[in-house]
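The structure under discussion appears below in the form of structure tokens.
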Amino acid sequence: MSARAEVLVSVADLPANGQLLDVRWNLGEQHGAGRAKYAAGHLPGARFLDLEAVLTGPTTDPTLGRHPLPDAARLGEGLGALGVDPEQPIVVYDEPGSFAAGRAWWVLRWAGLDVRVLDGGVRAWVADGRPLETGEPDATPGGPLELVTGQLPTLDADEVAGFDGVLIDVRAPERFRGETEPIDPRAGHIPGAVNRPVGGFWNAAGRLPSPAELDALVDLPSDRPVAVYCGSGVSAAQVVLALASLGIEASLYAPSWSGWSNDPGRPVAVGE
């Protein structure tokens, strides 16, 4: 299986025994907007996976960011309540403009589950002439899953500060340069980071560009480790997925800029 096929699946190749999880979510939308979209129409048999409730841990420590990673117990409880079978493959999907499927892919892989992202999400399904359904599917809630996290590489703030590799900031260029900061307490970027905006890693239809296009976009040396961060650890996971499709393993700095900028002891760079 190619590196790309290990992280993505097309509508035509959805596994017959796959478990579908709808994880539609967009930054800035009111809480519950994703579930409302799900209720209005979703892939047959899909269950709704709440990014804020299941894929995010408690936000009690600002230096861990706006979307800290959940612990194994929280994640296992949330997935168990959906009736997820850890022995069966999982497919997650969202919609163009949302980076939630990338976050779901990363968190579930981090917990050792077999998961891929539906390339193009719900739009690709509809474009293929396939029907949506409304309402909740029949699913029997199970007990909490016994999960072991830590199965994808991460960095903490101290490790980022001493990172001897390519640190990629995937936020918009104006936020990277420190010209504006609409959400977090300080503007700028982590010193030494390079900017590769996440928007370039997915086309208007929500699909991953070709390997050649991705390789040109990434433009990374082959002999240095790679780490990725964003605003709060959601869109960065999407880029980790894109890199994985090229066979590049990248570490995630999950607190991202929201965590770094909330620590007054961390330096900030501005400009290019």
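Pairs are defined by a Cβ separation below 7 Å, a sequence spacing of at least 6 or placement on different chains, a first member in segment 57-77 that is more than 21 Å from GLY28 (Cβ to Cβ), and a second member that is of a type in the set (Val, Ile, Thr) and surrounded by fewer than 16 Cβ atoms within 10 Å (Cβ to Cβ); the pairs so defined are ALA72/VAL148. Restricting attention to segment 118-156, the residues that are touching a Gly at 6+ places or on another chain (Cβ under 9 Å), of a type in the set (A, V, I, L, M) and closer than 21 Å to ALA72 by Cα add up to 3.
Among the conditions (1) surrounded by 22 or more Cβ atoms within 10 Å (Cβ to Cβ); (2) under 19 Å from the mean Cα position of the chain (by Cα), ARG175 misses just one, which is (2). TYR93 satisfies every condition listed in (1) assigned by TED's automatic domain parsing to the domain that holds THR63; (2) under 20 Å from TRP260 (Cβ atoms); (3) in contact with a Gly (Cβ under 7 Å, 6 or more places away or on another chain) except (2).
Within segment 133-149, the set of residues being assigned to a loop (DSSP other than H, G, I, E, B) and surrounded by 11 or more Cβ atoms within 10 Å (Cβ to Cβ) comprises GLU136, PRO137, ALA139, GLY142, PRO144, LEU145, LEU147, THR149. Say we look at segment 214-230 and pick out the residues that are of a type in the set (Gly, Ala, Ser) and either loosely packed, with under 13 Cβ neighbours inside 10 Å or not in a strand (DSSP E or B) (or both); which of these is modelled with the highest pLDDT? Ranking the candidates gives ALA216 first. Quick check on segment 109-132: of everything there that is touching a residue at least 24 places away in the same chain (Cβ under 8 Å) and more than 25 Å from the chain's Cα centre (by Cα), which residue is surrounded by the most Cβ atoms within 10 Å (Cβ to Cβ)? In this case the residue turns out to be ARG130.
The values are calculated or read from the model by the stated rules, or taken from the named source; none is laboratory data. All of these numbers come straight from a predicted model, not from anything done at the bench. As a convention, Cβ positions derive from the backbone with ideal geometry for all residues, glycine included, and neighbour counts pool all protein chains shown.
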